[in-house]
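Below you'll find the structure, written out as structure tokens, and then a few comments.
The values are calculated or read from the model by the stated rules, or taken from the named source; none is laboratory data. On a predicted model such as this, the values are computed, not experimentally measured, just so you know. Neighbour counts run over all protein chains shown; Cβ positions are idealised from the backbone, glycine included.
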Amino acid sequence: GWRGLSCDEHLVAALSDKVRLRAHAAARGLLRHLPTHYESEQLAQYPCLLKGAHGCHGTHVHIVHSERDVQRLTDGDFDPECWLLCAIIRGRFEYSTSLLVYEGEIIDAVCTTYEYEKEE
């Protein structure tokens, strides 16, 4: 993978952390570009996604159908600093793009499309 950092390492850390990414987007008025976020398992609309703050390629990501699912997966301790609950974007396809950026210019992009067997 790519190892060169062309921007502040604190920004890279914030963008790599799903919880901090949401806060970063909120501070810049960009939440409209992210799925709806739920502050607690009681306020969530199910089914939704439970995502660990860290992880990639689907690790620590779960489709949850109830508060009980959230409690089970978080050992009864949903901590919004460690977990993110957000709306599911329905469909069979997921699109992912990784960018290599230098001085504000996109040098390279790797785009991946995942197709799933069913909608959820």
Out of the residues in the range 45-94 meeting the condition of being under 18 Å from Tyr116 (Cα atoms) and basic (Lys, Arg), tell me which one is surrounded by the most Cβ atoms within 10 Å (Cβ to Cβ).
Arg92
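In the list Ala26, Ala53, which residue meets the criterion of being in contact with a helix residue (DSSP H, G or I) (Cβ under 8 Å, 6 or more places away or on another chain) and among the hydrophobic types (A, V, I, L, M, F, W, C)? Step through it out loud before you land on a result.
Values: Ala26 fails: in contact with a helix residue (DSSP H, G or I) (Cβ under 8 Å, 6 or more places away or on another chain).
Going through Ala26, Ala53 in turn, the sole match is Ala53.
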Scan the range 36-51 and tell me whether some residue there is modelled with pLDDT under 90, outside any loop (DSSP other than H, G, I, E, B), in contact with a strand residue (DSSP E or B) (Cβ under 8 Å, 6 or more places away or on another chain) and among the basic types (Lys, Arg).
yes
